[in-house]
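Here is the structure we will look at.
Read-outs: derived from the displayed coordinates by stated rules, not from any lab. Worth saying up front: this structure is predicted, and the values here are computed from it rather than measured. So basically every Cβ, Gly included, is an ideal-geometry build from the backbone, and we count neighbours across all protein chains shown.
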Amino acid sequence: MNIVDFNFQGLALVPLLTLIVTFLVHVSFGFAVFWDALQQRKQSVEKPVFVGPVIWGLATLLGGVLPAALYWVIHYSSLRDRNPSNDAQ
């Protein structure tokens, strides 16, 4: 075995490690968003927006970081209007 063969074998592990890390990130974020939405539904007056905890968890499980960031912006960001005015009269 020469150095070239060793380098090609090492490079073959990169996609596998990337797949494993991506899978772990998706599962972790999916579970965290599901758990947070479930706790928000049980303990808070404010319910999860648009859909329930299961859909938020599945969206994050399939979509990864982007749906998790969207969940955070909708539910916890200072961009959210916590006191919507009732202008429709």
For Val73 paired with Lys42, estimate the spin-label separation in nm (one decimal), with each label point 7 Å from Cα along the Cα-to-Cβ line. 2.9 nm
Here D for the range 27-77, in µm²/s, from Stokes-Einstein with a Kirkwood Rh over Cα pairs at 25 °C and 0.890 mPa s, works out to 236 µm²/s
